[in-house]
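The values are calculated or read from the model by the stated rules, or taken from the named source; none is laboratory data. It should be emphasised that the depicted structure is a prediction, and the values quoted were computed from it without experimental measurement. Backbone-built Cβ (ideal geometry, glycine too); neighbour counts: all protein chains shown. Ligands, DNA and RNA are excluded from the accessible area calculation, which covers all protein heavy atoms including side chains. Shrake-Rupley method; radii C 1.70, N 1.55, O 1.52, S 1.80 Å.
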Amino acid sequence: MFQKILIANRGEIALRVLRACKELGIQTVVVHSTADADAMHVRLADESVCIGPPPSRDSYLNIHQIVAACEITGADAVHPGYGFLSENAKFADILAAHNITFIGPSGDHIRIMGDKIEAKRTAKRLGIPVVPGSDGAVTEEKEAGRIAAEIGYPVIIKASAGGGGRGMKVAHTEADLEIALQTARSEAGAAFGDDAVYIEKYLEKPRHIEVQVFGDGFGGGVHFGERDCSLQRRHQKVWEEANSPALNAEERSRIGGICAKAIADLGYSGAGTIEFLYENGEFYFIEMNTRLQVEHPVTEAITGIDLVHEQIRVASGGGLSVKQEDIKFTGHAIECRINAEDPRTFTPSPGTITHFHTPGGLGIRVDSGVYSGYKIPPYYDSLIGKLIVHGRNRVECMMRLRRALDEFVVDGIKTTLPLFRDLVGNADIANGDYDIHWLEKYLAQSE
Ligand code: MV4
């Protein structure tokens, strides 16, 4: 087991990882920018190292400073959290070259999944169902036209170096195709320095369902069920739940089994998420994330398993604490992402939180790095906390969520709490009847 872990992140996830380290009796080091000297993760860690000025590229993304902080403090492993360097293959490789363990998959696995064409090719080879489309990159309009005619319109053109919704263009008919292809290629070239694009059938009303997987580091793989993350705005998740209201136990175990086997065959190590679009009872792979995700607590709530403990165990060579047959899905969990933003316009609202009071009671978890009197710096993302609610079933979970939202107090800044108070009373949400476009339509209507 590791003696000392350096946490290369900030905010609620830095605290989340700190808690797991403390429970495992591992010493902690955090790094921070000058803007985060008063942050909770700095106060709670055993040691802290200031690594640079506020802009992320000079601090939380500064590989040399972070490696130096490891050397100075004698950390034997780094947990990258999510965002920042968590899916940076070069960072994983550099740490390995310094004999420091990256708590995550190999640089090579990160690289494969970062290239969306390569990721899809790999998924297909491993037996994961993918969206019908081109076999690789498409450059010529004639070829694009042939593929589109074969799979049928509408089609979507995606950048291989994109992901998370960046660099996508939809063509509804053959007449749209040439412009869609050319703009997708030139935008991809400008944004990512790589103009490779691919074509897929455009699914019009899917849900976003992702499967939590783990490789044990010895060639084994398991799944921890799925999360439904269909409620998004501008590719930012807002509300996530486990299980998906759309799946039954049989579908869960079928897609989960496919993913677990794929992870084993890939020789993948650590936590991963296999993302699907789900429409008319079918799963279509779109991307794989090679990190711990923001919404992992809903999976923890229904399985009772600490996923950060598992990450640390696997990275240290100790394998997983559970086998597939030990992983049971109990009840229902929902996460609301509370952002320091205007609940209508979503404009960031940094400033001082004058009063912060979190809800409590059975089935309630709040993961947050803020406190009363905390000043939110303007340099980073606006997530200030996550409310995770667990109930024996979805109805109980929703009742408890409504009550918890009533108790939650954040004064001094604007937050997205009022949006969640609206959503929890909405009939479609109560019925679990929503797709990836539901939230944007709802927000446009209530303007
Ligand atoms: C799609 C799609 C429809 N058809 N691919 C957006 C983010 C990126 N991960 C993939 N995305 C999409 N890919 C095909 N073939 C629709 C989306 C999409 C979306 C996906 C998940 C959650 C929210 C979304 C919002 C708009 C578009």
*Out of every Cα-Cα pair in the stretch 32-162, what percent are more than 17 Å apart?*
68 percent
*Rel. contact order, % - alpha carbon contacts under 8 angstrom, at least six apart, the stretch 4-88*: 37 percent
_Cross-link pairs beyond the 25 Å C-alpha cut-off, checked among LYS205/LYS237; LYS22/LYS116; LYS201/LYS386; LYS124/LYS201_ = LYS22/LYS116; LYS201/LYS386
*Under 12 Å from a point 7 Å along the Cα-to-Cβ line of HIS235: which residues of the stretch 252-292 have their amide N that close?*
none
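Tell me, rounded to the nearest percent, the portion of alpha carbon pairs in the stretch 16-66 spaced more than 13 Å apart.
Considering the stretch 16-66, 56 percent of its Cα-Cα pairs are separated by more than 13 Å.
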*What is the Cα coordinate range of the stretch 1-101 on the first, second and third principal axes, sorted by size from largest, in whole angstrom?*
31, 30, 23
*Hey, got a sec? Which trypsin sites (Lys or Arg not before Pro) in the stretch 308-386 land in a DSSP loop and have at most 12 other Cβ atoms within 10 Å?*
LYS323, LYS328
*Extent along principal axes [Cα atoms of the stretch 207-446; Å; largest to smallest]*: 50, 41, 33
*Using a 10 angstrom cutoff on alpha carbons, build the Gaussian network for the chain and name the most mobile of HIS437, HIS172, HIS309.*
HIS172
*Give, as a single signed number, the net charge of other residues whose beta carbon lies under 14 Å from the beta carbon of VAL395, with Lys and Arg counted +1 and Asp and Glu -1.*
+3
*Starting at 0 and stepping by 10 Å, how many percent of the alpha carbon pairs of the stretch 209-263 end up in each bin?*
25, 44, 27, 5
_Estimated FRET transfer efficiency when R0 is 30 angstrom, pair GLU440-THR354 (beta carbons, to 0.05)_ = 0.40
_Positive-pole candidate from GLY74, GLN27, SER160, dipole of the chain, charges at beta carbon_ = GLN27
*For the stretch 132-238, what mean projected area does the convex hull of the alpha carbons give, in nm²?*
8.6 nm²
*List, in order, the whole-Hz ³J(HN,Hα) value for each residue of the stretch 192-202 obtained from phi through the Karplus relation with A = 6.51, B = -1.76, C = 1.60 and θ = phi - 60°; use x for Gly and Pro.*
10, x, 8, 9, 5, 10, 9, 10, 9, 4, 8
*Per the Cauchy relation, a quarter of the hull surface: what is the mean projected area of the convex hull of the alpha carbons in the stretch 351-447, in nm²?*
7.1 nm²
*Counting pairs of alpha carbon atoms under 8 Å apart in space and at least six apart in sequence, what relative contact order in percent does the stretch 132-201 give?*
44 percent
*DSSP loop (so not H, G, I, E, B), at most 13 other Cβ within 10 Å: list which chymotrypsin sites (Phe, Trp or Tyr not before Pro) in the stretch 259-296 pass both filters.*
none
*List the residues whose amide H sits under 5 Å from the amide H of GLY162, counting only those 5 or more places along or on another chain, with H placed 1.01 Å from N in the peptide plane.*
LYS116
*Percent of accessible area on the chain owned by carbon and sulfur, 1.4 Å probe?*
49 percent
*Per residue and in cubic angstrom, what volume does the convex hull of the Cα atoms of the chain have?*
139 Å³
*asked:* So, for the chain, what is the accessible surface per residue at a probe of 1.4 Å, expressed in square angstrom?
replied: 41 Å²
*For ARG402, tell me the accessible area in Å² from a 1.4 Å probe, rounded to the nearest 10.*
120 Å²
